[in-house]
1. Could you please give the count of residues in segment 26-44 that are over 14 Å from ALA83 (Cα atoms) and modelled with pLDDT under 95?
2. I need the full set of residues from segment 87-105 which are touching an Asp or Glu at 6+ places or on another chain (Cβ under 7 Å) and either surrounded by 13 or more Cβ atoms within 10 Å (Cβ to Cβ) or free of Cβ contacts under 8 Å to residues at least 12 places away in the same chain (or both), in order please.
3. Look through segment 1-35, keep the residues that are part of a loop (DSSP other than H, G, I, E, B) and in contact (Cβ under 8 Å) with a residue 60 or more places away in the chain, and return whichever of them is surrounded by the fewest Cβ atoms within 10 Å (Cβ to Cβ).
4. Report yes if GLN69 is touching a residue at least 24 places away in the same chain (Cβ under 8 Å) and more than 9 Å from the chain's Cα centre (by Cα), otherwise no.
5. Those residues that are touching a strand residue (DSSP E or B) at 6+ places or on another chain (Cβ under 9 Å) and buried (at least 17 other Cβ atoms within 10 Å of the Cβ), I need them from segment 50-70; list them, please.
Amino acid sequence: METPKKPRHVLEADVIEALKQVYDPELPVNIYDLGLIYGIAVEEDTGRVDVTMTLTAPGCPAAQFLPGQVEEKVSTVDGVEEAHVALVWDPPYHKGLMSEEARLDLGLF
(Lines give C-alpha, C1' and ligand atoms only; values in the text may rest on other atoms or scores of the structure.)
Protein backbone atom coordinates (compact mmCIF):
# COMPACT_ATOMS: atom_id res chain seq x y z
CA MET A 1 0.00 0.00 0.00
CA GLU A 2 1.42 3.36 -1.04
CA THR A 3 1.75 6.08 1.59
CA PRO A 4 -0.47 9.07 0.78
CA LYS A 5 1.45 12.13 -0.38
CA LYS A 6 1.53 15.21 1.82
CA PRO A 7 -0.25 18.32 0.57
CA ARG A 8 2.14 20.90 -0.87
CA HIS A 9 1.67 23.38 2.00
CA VAL A 10 2.39 20.71 4.62
CA LEU A 11 5.50 19.48 2.82
CA GLU A 12 6.72 23.07 2.37
CA ALA A 13 6.22 23.78 6.09
CA ASP A 14 8.19 20.62 6.95
CA VAL A 15 11.00 21.69 4.60
CA ILE A 16 11.11 25.12 6.27
CA GLU A 17 11.42 23.49 9.68
CA ALA A 18 14.30 21.37 8.35
CA LEU A 19 16.01 24.47 6.93
CA LYS A 20 15.76 26.12 10.33
CA GLN A 21 18.06 23.38 11.63
CA VAL A 22 20.89 24.45 9.29
CA TYR A 23 23.08 27.24 10.65
CA ASP A 24 25.47 29.64 9.01
CA PRO A 25 28.93 28.57 10.23
CA GLU A 26 29.89 32.13 11.18
CA LEU A 27 26.63 33.35 12.74
CA PRO A 28 24.39 31.88 15.45
CA VAL A 29 21.33 32.11 13.19
CA ASN A 30 19.70 29.49 11.00
CA ILE A 31 19.85 30.02 7.25
CA TYR A 32 16.09 30.46 6.87
CA ASP A 33 15.82 33.31 9.38
CA LEU A 34 19.07 34.75 8.08
CA GLY A 35 17.28 35.24 4.75
CA LEU A 36 19.51 32.96 2.70
CA ILE A 37 16.57 30.98 1.29
CA TYR A 38 15.06 32.78 -1.70
CA GLY A 39 12.58 30.12 -2.73
CA ILE A 40 11.16 26.67 -2.10
CA ALA A 41 9.32 24.91 -4.93
CA VAL A 42 7.46 21.72 -4.02
CA GLU A 43 6.09 19.29 -6.59
CA GLU A 44 3.37 17.56 -4.64
CA ASP A 45 2.95 14.68 -7.11
CA THR A 46 6.61 13.69 -7.27
CA GLY A 47 7.94 14.79 -3.89
CA ARG A 48 10.62 16.89 -5.58
CA VAL A 49 11.76 20.01 -3.73
CA ASP A 50 13.87 22.74 -5.32
CA VAL A 51 15.49 25.25 -2.99
CA THR A 52 16.93 28.51 -4.27
CA MET A 53 19.41 30.06 -1.89
CA THR A 54 22.24 32.52 -1.61
CA LEU A 55 25.09 33.22 0.79
CA THR A 56 26.02 36.40 2.60
CA ALA A 57 28.82 37.09 0.08
CA PRO A 58 30.04 35.51 -3.18
CA GLY A 59 33.44 34.72 -1.64
CA CYS A 60 31.91 33.03 1.39
CA PRO A 61 33.81 29.84 2.22
CA ALA A 62 30.49 28.17 3.10
CA ALA A 63 29.79 27.95 -0.65
CA GLN A 64 31.92 24.80 -0.62
CA PHE A 65 29.62 22.90 1.75
CA LEU A 66 26.44 24.74 2.78
CA PRO A 67 24.38 23.97 -0.37
CA GLY A 68 25.20 20.27 0.10
CA GLN A 69 24.14 20.44 3.75
CA VAL A 70 20.87 22.07 2.73
CA GLU A 71 20.19 19.41 0.10
CA GLU A 72 20.98 16.65 2.58
CA LYS A 73 18.73 18.14 5.29
CA VAL A 74 15.81 18.67 2.89
CA SER A 75 16.22 15.09 1.64
CA THR A 76 15.54 13.80 5.16
CA VAL A 77 12.07 15.35 5.31
CA ASP A 78 9.31 12.76 5.18
CA GLY A 79 7.62 13.04 1.79
CA VAL A 80 10.63 14.47 -0.05
CA GLU A 81 11.71 12.06 -2.77
CA GLU A 82 14.24 14.33 -4.47
CA ALA A 83 15.92 17.56 -3.35
CA HIS A 84 17.91 20.06 -5.38
CA VAL A 85 19.61 23.29 -4.33
CA ALA A 86 20.45 26.17 -6.65
CA LEU A 87 22.96 28.72 -5.36
CA VAL A 88 22.28 32.18 -6.80
CA TRP A 89 23.83 35.62 -6.37
CA ASP A 90 21.04 37.74 -7.81
CA PRO A 91 19.47 39.48 -6.09
CA PRO A 92 22.44 40.18 -3.83
CA TYR A 93 22.05 39.34 -0.16
CA HIS A 94 21.39 42.21 2.26
CA LYS A 95 20.56 42.39 5.96
CA GLY A 96 16.98 43.41 5.20
CA LEU A 97 16.29 39.79 4.22
CA MET A 98 16.75 38.63 7.83
CA SER A 99 13.74 37.86 9.99
CA GLU A 100 13.07 40.18 12.91
CA GLU A 101 14.13 37.38 15.25
CA ALA A 102 17.50 37.04 13.47
CA ARG A 103 18.11 40.78 13.67
CA LEU A 104 17.32 40.69 17.40
CA ASP A 105 19.63 37.70 17.92
CA LEU A 106 22.45 39.55 16.17
CA GLY A 107 21.76 42.86 17.92
CA LEU A 108 21.00 44.71 14.69
CA PHE A 109 18.19 46.88 16.05
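1. 4
2. Step one: of segment 87-105, the residues touching an Asp or Glu at 6+ places or on another chain (Cβ under 7 Å) are 98-99, 101-102.
Of everything in segment 87-105, those that are touching an Asp or Glu at 6+ places or on another chain (Cβ under 7 Å) and either surrounded by 13 or more Cβ atoms within 10 Å (Cβ to Cβ) or free of Cβ contacts under 8 Å to residues at least 12 places away in the same chain (or both) turn out to be MET98, SER99, ALA102.
3. Ranking the qualifying residues of segment 1-35, first place goes to PRO28.
4. On the way: touching a residue at least 24 places away in the same chain (Cβ under 8 Å): yes; more than 9 Å from the chain's Cα centre (by Cα): yes.
The answer is yes for GLN69.
5. VAL51, MET53, THR54, LEU55, LEU66, PRO67, VAL70
Quick grid of which residues meet (1) over 11 Å from the mean Cα position of the chain (by Cα); (2) not polar (S, T, N, Q):
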residue: LYS5; (1), (2): yes, yes
residue: GLU12; (1), (2): no, yes
residue: PRO25; (1), (2): yes, yes
residue: VAL29; (1), (2): yes, yes
residue: THR46; (1), (2): yes, no
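The values are calculated or read from the model by the stated rules, or taken from the named source; none is laboratory data. Please read all numbers here as calculations on a predicted model, not as lab measurements. Because the Cβ atoms are built from the backbone with ideal geometry, glycine has one as well, and the counts that use them run over all protein chains shown.
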